[in-house]
Amino acid sequence: MVDTKGFDTSVLVYAFNADEKEKHQKALELLENVYKGEFKGFLSIQNLNELFYVITRKNIKNIKEAEEIIKNIIGSNKWIVKDIGKDTALLAINLTKNNSKNFWDNLIAANLILNDVREIYTEDTKGFKSELIKVIDPFR
């Protein structure tokens with residue numbers, strides 16, 4: 001079975017934004033690894049919403065280009081994209097009560113946990129740090 005790794009929004013943004021060349025290259029390599037089948041990429045629908053917002057707001061991509069990126073990820077069998085449901089929201093609230101971390105990060109973490117994904121690529125090592133999820137900063 002192919003391993004599955006979560007992606008935080010910032011890693012996706014760097015893949016499409018060449019302003020920070022080193023981070024851009026590393027993020028691109030991670031996405032290429034997903035498309036080569038080295039592992040599956042896992043995203044919460046929240047990540048895709050954030051990606052669309054950031055890359056259009058910062059003029060990294062226009063709306064049509066951003067839409068195509070989102071559609072390609074959703075339509076790919078290399079990515080697992082999960083909605084946020086009642087169980088995810090309740091677990092995120094519970095996590096927030098217990099760890100005092102950002103609710104939005106806990107919402108992504110809850111989706112990872114409920115879908116048995118135990119690793120996430122992110123530069124936000126404090127926001128996702130837990131005993132349930134291994135945090136990997138690909139830029140260090």
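The values are calculated or read from the model by the stated rules, or taken from the named source; none is laboratory data. If you're wondering where the values come from, they're calculated on a predicted model, not measured in any experiment. So basically every Cβ, Gly included, is an ideal-geometry build from the backbone, and we count neighbours across all protein chains shown.
There is no residue in segment 81-102 that is of a type in the set (Gly, Ala, Ser), at pLDDT 95 or above and within 20 Å of ALA27 (Cβ to Cβ).
At least 1 residues being under 20 Å from ILE45 (Cβ atoms) and of a type in the set (Asp, Glu) is the threshold, and among the helices (runs of 4 or more DSSP H) wholly inside segment 59-140 those reaching it are 63-75, 86-99, 103-114.
When the residues of segment 8-58 are filtered to those that are outside any helix (DSSP H, G or I) and hydrophobic (A, V, I, L, M, F, W, C), which remaining residue is nearest to the chain's Cα centre (by Cα)? Top of the filtered list is LEU43. Filtering segment 29-60 down to residues that are closer than 21 Å to PHE139 by Cα and of a type in the set (S, T, N, Q), which residue is surrounded by the fewest Cβ atoms within 10 Å (Cβ to Cβ)? Among residues in segment 29-60 that are closer than 21 Å to PHE139 by Cα and of a type in the set (S, T, N, Q), the one surrounded by the fewest Cβ atoms within 10 Å (Cβ to Cβ) is ASN33.
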